Amino acid sequence: MAIDPTRFCINRKIAPRLSLEAFFQLVQRLGLSKVELRNDMPGGSVTDDLSTDQLRALIDRYHIDIISINALYPFNRIDDALLSRAEALLQTAQQIGAKALVMCPLNEGITVSPQQTQAAMQELAPRFAHYGILGLVEPLGFPVSSLRSTVQAQALIAAAGVPFKLLLDTFHHHLYENAEQEFPVSIDIDQIGLVHLSGVEEQRPTAELTDEERIMLSDNDVLKSVVQVKRLEMLGYRGIYSFEPFSGQLNSWTPAETERQIRHSIELLQA
């Protein structure tokens, strides 16, 4: 494959010990510019202890393009607390120039009906529109997730009549046992707004995999993320690929090791 390098993005989860400035410097050294920020980092907020002006100055200095903030959770269980979180994250996204906010479903073994999820999308959509932020719905493949299927999420977005897009994660795609039956025949590739990439080498049963097993891409990747990307390219996807490993191993990586891992993953995708 020959993927334009400007389509690669780095999720901040890959460098949990780096300050935002050090993270931006790492991205710049890689010759990249796109990042995803998060609200679940050790600092406890999307912007750490930086003011909006301070963060925007760093964004300008290192020529950073903030693709999204991860994540509004659980978007499909609407209550006052969720709406308050949504408002705060959308305000932050607008202030720092982020283009999208990731929306994750309830992932606690509690059923949320498709009708409830659709209604949640309809309630949230005007808030996203008010701030000019794209909503990216990310199905989670875990057995306890209330929304596991990308194709079902696509159908609910259409039924809700909202302008949200899908976030396809190669890890969660692998976890959902019906994905390969549904995806090739039913996915609308134009509805995918972002793709998350990671790799797993652990050989345990699929249903037992957790975020802790998520590292970068390799020849031994049981997710077959490179194969998943090749199919997406063949289907016409021309959007962004964001590297999002989760393992606790990342805490021990030096910046040099993080760079090496990212370069190697890109090489595997470009081979």
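In this entry, Glu138 is excluded by the filter for residues that are under 23 Å from Ser265 (Cα atoms), open to solvent by 20 Å² or more (accessible area, probe 1.4 Å) and touching a helix residue (DSSP H, G or I) at 6+ places or on another chain (Cβ under 8 Å). Determine if region 41-64 includes at least one residue that is in contact with a Lys or Arg (Cβ under 9 Å, 6 or more places away or on another chain), modelled with pLDDT under 95, closer than 30 Å to Gln116 by Cβ and of a type outside the set (Val, Ile, Thr). Scanning region 41-64 turns up at least one residue that is in contact with a Lys or Arg (Cβ under 9 Å, 6 or more places away or on another chain), modelled with pLDDT under 95, closer than 30 Å to Gln116 by Cβ and of a type outside the set (Val, Ile, Thr).
Which condition number in (1) loosely packed, with under 15 Cβ neighbours inside 10 Å; (2) without any contact (Cβ under 8 Å) to a residue 24 or more places away in the chain is the one that Asn178 fails? It is condition (2) that Asn178 fails.
Checking every residue in region 130-138 against the condition of being assigned to a helix (DSSP H, G or I) and in contact (Cβ under 8 Å) with a residue 24 or more places away in the chain gives at least one match. Would you mind telling me which numbered condition in (1) more than 24 Å from Ile110 (Cβ to Cβ); (2) touching a His at 6+ places or on another chain (Cβ under 7 Å) Ile189 fails? Just one mismatch for Ile189, condition (2).
The single condition among (1) touching a Cys at 6+ places or on another chain (Cβ under 9 Å); (2) open to solvent by 20 Å² or more (accessible area, probe 1.4 Å) that Pro163 does not satisfy is (1). In region 143-160, the residue that is surrounded by the most Cβ atoms within 10 Å (Cβ to Cβ) out of those that are in a helix (DSSP H, G or I) and not small (Gly, Ala, Ser) is Thr150. Within the set of pairs 6+ apart or on separate chains, which have a first residue in region 140-157 that is over 17 Å from Ala120 (Cα atoms), a second that is among the charged types (D, E, K, R) and surrounded by 20 or more Cβ atoms within 10 Å (Cβ to Cβ), and C-beta atoms under 8 Å apart? Pairs found: Gly141/Arg148; Gly141/Asp169; Phe142/Arg148. Leu134 satisfies every condition listed in (1) more than 20 Å from the chain's Cα centre (by Cα); (2) closer than 17 Å to Gln191 by Cα except (1). Close Cβ contacts (under 8 Å, 6 or more residues apart or on different chains) running from residues in region 29-57 that are over 16 Å from Ala98 (Cβ atoms) and in contact (Cβ under 8 Å) with a residue 24 or more places away in the chain to residues that are in a strand (DSSP E or B) and open to solvent by less than 40 Å² (accessible area, probe 1.4 Å) comprise Leu30/Ile10; Leu32/Phe8; Leu32/Cys9; Leu32/Ile10.
The values are calculated or read from the model by the stated rules, or taken from the named source; none is laboratory data. Given the structure is predicted, the values throughout are model-derived calculations rather than measurements. Using ideal geometry, Cβ is built from the backbone for each residue, glycine included, and neighbour counts are taken over all protein chains shown. The protein model used for the area step is the full one, side chains on, heavy atoms only, and it has no ligands, DNA or RNA in it. Shrake-Rupley method; radii C 1.70, N 1.55, O 1.52, S 1.80 Å.
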